[in-house]
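Structure first, commentary second.
The values are calculated or read from the model by the stated rules, or taken from the named source; none is laboratory data. Small disclaimer: the values here were computed from a predicted structure and weren't measured. Methodologically, a virtual Cβ is constructed for each residue, glycine included, from the backbone with ideal geometry; neighbour enumeration extends over all protein chains shown.
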Amino acid sequence: MNYLSIIDKYTVGYLWGMKIVSLLSSSAFMMMAAMIVALITNFGGLFPSDVLNAGLRSNLTILTLVIMLTLSMSRIPMANLNPFKYGKSMARAVILGMVVAAIIPLAGYFILKDTEYVKQAAGLVFIAATPFAGSVLPLSIILRGDPEHAARGTIVVYILSLLWIPFIVWLALGDSVDMEFLVITVIELIGVPLVLSRLLTKVKISKDVLAVFLNCCIFFMVWLSVGATNFAGNAMWIFIVFIIIAALRSFGLGTGVEIVEKKAGIHWGQRVTDILMTSYKNKGVAIALCVALYPPGMVAIATSILVEITWVAFMDSVLFSKKRMEKELASEA
């Protein structure tokens, strides 16, 4: 028996396994893969809409998101929340992650409100209302951002979102949405994970395992939402408008915060976290709310997802590249 040959096979298998885990752990790779698969499924007419009907998609989306948020927030401690001591950090998270991040999609909706595509544009309201992604904290750690600011901001913003989401939706859409159902859904999506996550704070979960699981959930949600969205019957100009709005909201706001804060002399750590809070929305919440309450709005959200995936890839490869990070940190030191 050739033992060296067996060892070589195991080594090759191990290396391939590590490479697969590395790819599955990469948010940029998994989101790009999800986008490609979802578009092929959509335009190829391959989505099983007869099995995954609107009601089932809504339930699956909400369940997946609740699990994701519970696990994500279980890694975030309920510490350093003293508003007198950390008031500036909290205010920055709320202003950038909720107020500033909502301006462009809300403006887009009100511009389109009197057009024939007002129902599709309603998706912009749900994008405006949702908080930034729960992955802002792990990304801040990876990119040498400010993890304490990210953790504190995530807890504060998600708690305030219990009121902020219904307020923004009511402000823009009014009686066209069942507000009682909206409040119940928001409590399910955000309130329940906030409570359940506290029960898992002491449970040890491997970072790689958590990253792979969350990325697989994101893959599934992107496929489920983009793959099922009915793009047919909409004029090309409305997609171009949605793309421009999404690009302004992600690329525009993100690079804008980068330029302004860098000129102001704000260090790398704070800039990274502030940019993530401003430009990286929790599309899962927007999808879950829109599918459950206002399905026509999924056109705007699905289009926005495609743009945000390219934004994530841009941040990963250009804006927060390892070379640039090392250069900036060295100059600050």
Some residue of segment 126-139 being hydroxyl-bearing (S, T, Y), touching a residue at least 60 places away in the same chain (Cβ under 8 Å) and over 25 Å from I245 (Cα atoms): no
Subset of segment 65-95 that is basic (K, R) and in a helix (DSSP H, G or I) - its residue that is surrounded by the most Cβ atoms within 10 Å (Cβ to Cβ): R92
Of residues in segment 163-197 being surrounded by 13 or more Cβ atoms within 10 Å (Cβ to Cβ) and charged (D, E, K, R), the one nearest to L137 (Cα to Cα): E188
Residue that is surrounded by the most Cβ atoms within 10 Å (Cβ to Cβ), among those in segment 26-64 that are part of a loop (DSSP other than H, G, I, E, B) and either among the aliphatic types (A, V, I, L, M) or in contact with a strand residue (DSSP E or B) (Cβ under 8 Å, 6 or more places away or on another chain) (or both): L52
Enumeration of residues in segment 96-152 that are buried (at least 24 other Cβ atoms within 10 Å of the Cβ) and either among the β-branched types (V, I, T) or not in a helix (DSSP H, G or I) (or both): A122, V125, I127, T130, P131, F132, A133, G134, V136, G145
Hits in segment 34-71 - residues which are of a type in the set (G, A, S) and touching a Phe, Trp or Tyr at 6+ places or on another chain (Cβ under 7 Å): A34, A38
Residue in segment 206-222 that is among the polar types (S, T, N, Q), free of Cβ contacts under 8 Å to residues at least 12 places away in the same chain and either crowded, with 21+ Cβ neighbours inside 10 Å or out of contact with any Asp or Glu (no Cβ under 6 Å at 6 or more places or on another chain) (or both) present: yes
When residues of segment 224-240 are limited to those that are assigned to a helix (DSSP H, G or I) and surrounded by fewer than 21 Cβ atoms within 10 Å (Cβ to Cβ), the one modelled with the lowest pLDDT: M236
Unique match (being in a helix (DSSP H, G or I) and either surrounded by fewer than 21 Cβ atoms within 10 Å (Cβ to Cβ) or in contact with a Cys (Cβ under 9 Å, 6 or more places away or on another chain) (or both)) among A247, A288, A302: A247
Residues that are closer than 15 Å to V285 by Cβ and without any contact (Cβ under 8 Å) to a residue 60 or more places away in the chain, drawn from segment 174-205: V183, I184, I187, G191
Some residue of segment 21-30 being in contact with a helix residue (DSSP H, G or I) (Cβ under 9 Å, 6 or more places away or on another chain), of a type in the set (V, I, T) and modelled with pLDDT of 85 or more: no
Count of residues meeting criterion [touching an Asp or Glu at 6+ places or on another chain (Cβ under 8 Å) and farther than 18 Å from F167 by Cα] in segment 90-130: 1
